[in-house]
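Working notes, beginning with the structure itself.
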Amino acid sequence: MNRGLSFAIAALQALIIAAIGIGITIAPLTLTWLIEGDGSTSWLVALQVAVFTFLLATGVPLQVSEGKLLGLEFPEFTITTMPLGLTLLMALMVIRVGYRLSAASSIWPAWVGGAVSFGLIGLGASALVNNEAVLVGEWEPLLIPAVFFGGLLIISSTFASRYEMFEGANGAEAKERVWIRTNLLAIYSRLHWSIRTVLSPASRVGLGVVAVMAAVSAFMLALALGFGWIEVVRLYEGLRVSVLGGVMVTLGQLALLPNLIVYAMAWLTGPGFSIGIGSSVSPFASALGPMPAFPIFAALPTGGFDRGILFILIPVLASFIGTLLIRRYVDQIRFEYATRLTASIALAGTTAVIASASAMLLAAFASGSLGPGRFEQVGVNVLQFGMVLFIEVLIPSFLASLIITAPYDPDKPRRK
């Protein structure tokens with residue numbers, strides 16, 4: 001695959017992914033407009049909603065001017081909360097494109113073509129739906145989507161195993177792919193031995209803890225919606241929308257479902273989350289206040305639990321068990337460190353840092369502003385979430401490290 005072809009393929013894929021990102025919203029909106037529209041609303045409104053949702057999913061903030069909706073006046077506000085459902089869908093498609101492009105003999109034209117094309121699509125789409133009610137920055141629709149697409153494309157095409165359509169189909173590996181991987185390995189080898197020794201096993205445990213929390217949070221959210229189906233139905237009926245309107249409400253909730261999973265992770269940790277300024281939802285107590293009548297909010301607990309501390313055991317146990325499962329790396333760590341205590345401190349500390357940093361990153365993407373007034377703050381207190389999770393991972397990981405770290409014996413065969 002030559003440079004021109006890789007550039008063209010990436011640019012075309014950027015166009016397709018942007019079309020899917022916009023089309024997944026505009027298709028049901030158009031159907032609703034055709035079947036239930038009374039002619040008082042232009043189809044351009046559906047296009048505007050679809051484009052603004054696409055831009056928001058890539059990270060572009062929206063500035064909504066003051067106005068009136070359903071007879072109620074509202075002040076100017078900013079929407080920064082990303083609908084992570086749509087974001088993840090587009091991210092997975094970009095990663096798949098990057099994996100396919102890893103077979104190219106020259107990848108940098110694909111990086112440039114994909115990022116520039118996606119950025120220009122964002123800029124052109126924002127200019128097409130430009131209006132005084134919803135404003136975006138002058139350059140944000142160009143730069144932020146370009147970074148979103150280009151960053152994911154570079155990472156996936158560089159670090160994925162090289163794609164091969166059939167045996168012997170690939171030519172020489174791209175020099176830029178080799179250069180990046182070689183230099184990162186060189187940087188890793190130059191790290192201080194105290195960091196290099198524990199980095200790999202600590203990453204496994206730290207990311208594993210976050211993955212377990214996400215899985216448990218998704219399961220608990222599904223259970224809450226299942227057992228609360230009566231309240232979900234009541235809220236749908238209270239919206240007084242048609243079948244197509246109900247479909248639109250459901251799609252909007254699906255777009256925000258990953259956000260709620262991240263909020264549930266903060267709930268499991270203890271600090272909880274908020275749906276608006278002044279509200280708080282945690283295992284110990286809940287104070288919600290006035291809430292939008294979205295059916296998915298039926299999953300939110302309306303009060304605390306007498307044994308709420310039991311939920312905090314989930315990240316604690318995940319950290320403890322995860323550390324026990326990396327026994328195969330213990331001999332190398334113990335060989336480098338002088339004592340069992342210092343080895344355990346290093347491993348547990350690095351694990352806690354990685355777990356808390358990755359969880360804070362997820363919380364930062366999932367939280368933000370979602371509306372005027374009290375809804376200018378929705379989601380997780382990122383710093384508090386990270387600090388609490390750090391402690392909950394540090395202590396059990398340290399105790400587990402003390403258990404599995406045996407004194408180094410040069411005559412004993414090392415584990416493989």
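The values are calculated or read from the model by the stated rules, or taken from the named source; none is laboratory data. Just so it is clear, the model here is predicted, and its values are computed rather than measured. Every residue, glycine among them, receives a Cβ derived from its backbone with ideal geometry; neighbour counts consider all protein chains shown. Accessible surface areas use protein heavy atoms only, side chains included; no ligands, DNA or RNA. Shrake-Rupley method; radii C 1.70, N 1.55, O 1.52, S 1.80 Å.
Here Thr25, Thr32, Thr78 are screened, and the one residue that is open to solvent by less than 50 Å² (accessible area, probe 1.4 Å) and in a strand (DSSP E or B) is Thr78. Residue under question is Val378, and the condition is that it be under 22 Å from the mean Cα position of the chain (by Cα), touching a residue at least 40 places away in the same chain (Cβ under 8 Å) and within 27 Å of Ile230 (Cβ to Cβ); does it hold? Yes: the conditions hold for Val378. With respect to being more than 20 Å from the chain's Cα centre (by Cα) and either touching a residue at least 40 places away in the same chain (Cβ under 8 Å) or within 27 Å of Thr323 (Cβ to Cβ) (or both), Arg204 falls outside the description.
Yes/no per residue for (1) closer than 30 Å to Leu402 by Cα; (2) open to solvent by 20 Å² or more (accessible area, probe 1.4 Å); (3) out of contact with any Phe, Trp or Tyr (no Cβ under 7 Å at 6 or more places or on another chain):
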residue: Ser279; (1), (2), (3): no, no, yes
residue: Phe284; (1), (2), (3): no, yes, yes
residue: Met291; (1), (2), (3): no, yes, no
residue: Pro295; (1), (2), (3): no, no, no
residue: Leu341; (1), (2), (3): yes, yes, yes
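Across the stretch 90-128, the number of residues qualifying as within 17 Å of Thr53 (Cα to Cα) and buried (at least 18 other Cβ atoms within 10 Å of the Cβ) comes to 10. Of all residues in the stretch 134-144, those satisfying the criterion of being open to solvent by 60 Å² or more (accessible area, probe 1.4 Å) and either in a loop (DSSP other than H, G, I, E, B) or β-branched (Val, Ile, Thr) (or both) are Glu138, Trp139. Scanning the stretch 327-339 finds no residues that are modelled with pLDDT of 90 or more, touching a helix residue (DSSP H, G or I) at 6+ places or on another chain (Cβ under 8 Å) and buried (at least 16 other Cβ atoms within 10 Å of the Cβ).
Checking the structure you have, find out if any residue of the stretch 24-35 is free of Cβ contacts under 8 Å to residues at least 40 places away in the same chain, under 17 Å from Gly119 (Cβ atoms) and not charged (D, E, K, R). No - not one qualifying residue is present in the stretch 24-35.
When residues in the stretch 327-339 are screened for being more than 14 Å from Ile195 (Cβ to Cβ) and touching a Phe, Trp or Tyr at 6+ places or on another chain (Cβ under 8 Å), 3 of them pass.
When the stretch 368-400 is filtered for residues that are among the small types (Gly, Ala, Ser), open to solvent by less than 10 Å² (accessible area, probe 1.4 Å) and farther than 22 Å from Leu84 by Cβ, the ones remaining, listed by number, are Ser397, Ala400. With respect to the conditions (1) touching a Gly at 6+ places or on another chain (Cβ under 8 Å); (2) without any contact (Cβ under 8 Å) to a residue 24 or more places away in the chain; (3) not aliphatic (A, V, I, L, M), Ser105 lacks only one, and its number is (2).
Scanning the stretch 245-260 for residues that are surrounded by fewer than 16 Cβ atoms within 10 Å (Cβ to Cβ) and β-branched (Val, Ile, Thr) turns up Val247, Thr250. Candidates in the stretch 183-240 are the residues that are charged (D, E, K, R) and in a helix (DSSP H, G or I); of these, the one that is surrounded by the most Cβ atoms within 10 Å (Cβ to Cβ) is Arg204. Of the residues examined, Ala293 is not one that is at negative phi and part of a helix (DSSP H, G or I). In the set (1) within 28 Å of Leu88 (Cβ to Cβ); (2) touching a strand residue (DSSP E or B) at 6+ places or on another chain (Cβ under 7 Å); (3) modelled with pLDDT under 85, the condition left unmet by Phe273 is number (3).
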